[in-house]
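Step one of this worksheet: look at the structure below.
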Amino acid sequence: MKTSPSDVCMSPSTDAQPSMESMAASLPSVRKSRYERVLRRAKAMTRSELLPSSGGWGRYGFAASWPSTGPANSRTTTTEEDMVVDRIDCGSVSVAEFVERWEAPGRPVIVRDAASGWAANTEWSIENLVWKYGNTKFKVGQDDEGFPVRMKLKYYLHYAIADEHGAKADDSPLYIFESSFAHRDAEIQADIGGQHDQDKADDPDQNGDSRRVLDTPKSNLLNDYSIPKFFTDDLFKLVGQRRRPPYRWIVIGPPRSGTGVHIDPLGTSAWNTLLQGRKRWVLFPPGAPREIIDPKPRDWDNEAASWFAFSYPRLQQPHPDSPANRSYAQVLGMIEFVQQPGETVFVPGGWAHAVMNLDFTVAVTHNYCSRTNFDMVWLKARVGRPQMAEKLKRVLDLARWQLDAAASNGAVTVPDPLLDTQICLGKRKRRQARELHVLKGKSVADLELYRSLSARIKQLETVPSWPASSSSSSSSSTSTSSSSSSGSSDGGGDSDNNGGGSDSRRELRKLCEEPGCLACSRKRARLHHSDRDRKQAVANGSNSD
């Protein structure tokens, strides 16, 4: 089934989605003075360039005209033949057919019912999220040095839903783009330290409420969803959590939040499942000129709302080189659609895209590398992530060696490495044992695939390298909150280009992620405390000036 420009309806949603009023009624109370202090700090750190003298967060007036005019209601002039995207049912298409018809040709597609069995359909309602994770901090952006900026979820939801002077008044509101599900919960706890416990101890926000807001670890979110069957072929799993770039995010945001035009880094593909609200998507095929789809210099910022308000209308103008008077959007092959709740969008590697929330939305998104896009990903990774690319190559070579060694006895055996949790697995002498452990339990078919990819790498190594592109940003990163264009869809908000912070970041990457390694856990906590002290010293110095 195809969807056409007529499906790009900008009117408010009329389905069974909860209204902003009902969601606001389900939120716990917050102390006004503390909420305003937290919000002021988060806004100042994420968008330090927005000064009150220049209009601040409402300088374009998008909120006043929403949704009748402005970025929500810009119309398309392209025809149905020029802007079509397939919509398929998850249960009626096999994985082989999906690869043949959409993934291999690099065609975007919308998958229905891929999340029909997820617990997240109920567990990620606003009421459940705020009472279960309300005292847990989520990333809403990054500061000028690349460090993540976090807020407690209860404060963010009050800003996004209940506060009339919060997200409802901002041109492009703060946007949760959280990637630290499991492997960084301990780091975040070390970062916030005793202040977190103090907040819980004297938090008066609970007065009058029958339930207490909890600070459940974000790792529990992983139990609420599973990867759809079309996207389980992820070769980055072979390099382990410590080496691979950020690749999964929970995305929560109010209307007008989103991400400007970007390409997911390292040539990875992405899938985005929407559980609540609607998202407006615009996609451009690989090779679309950046100077046309996202021109620079310009008089507006990189936010999604600004792109839809200022850049999008220019794409509807006639292209000067088109004899049929076709628009830029038609000539470039632009695709536009609105994602509905329960739908999963597949974005092939190399496709530039912009996304804006039309309602309050809750979604989850992953970036991944499959055998289909392996060539492009490895060529980009060897420049952008050379250590990860080298590890992937070593693991694939191990699979080849295992099959070659098994040719003599007719059986494939992967040795069981010694996994003594008292020994730091980050040591170099343990590297081969860890890589062999990755292959344990793999089928002969998987090992045959890895051997073929190992041979493919030898061919790709003859291809000249090119400099890493700075234009590739993440797969769904909001410029306000998560413009971390690091690993993928806006993940990895940590930057190495921040003076004293670069040393600690390099040290962090050397540490293992095993929960049994006490040495690495303690060193990780010390590094985060030193980062916090350094940033506080910089802040004190700027205040004294």
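Any read-out appearing in this document is the output of simple, stated calculations on the displayed coordinates, not a laboratory observation. A quick note: this is a predicted structure, and the numbers were derived from the prediction, not measured.
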Cα centroid separation, the range 90-117 to the range 294-350 (Å): 24
Percentage, to the nearest whole number, of Cα pairs in the range 255-368 over 24 Å apart: 26
Entries of Lys139/Lys523; Lys393/Lys523; Lys229/Lys523 with Cα pairs more than 27 Å apart: Lys393/Lys523; Lys229/Lys523
Solvent-free Debye scattering, log10 I(q)/I(0), computed from the Cα coordinates of the range 95-143 at q = 0.16 Å⁻¹: -0.73
Cα gyration tensor shape of the range 217-298, rounded if a/c is under 1.5, else prolate or oblate by comparing a/b with b/c: oblate
Stretch gain in nm, segment Thr232-Val84, where the contour uses 0.36 nm per residue and the Cα spacing is subtracted: 50.7 nm
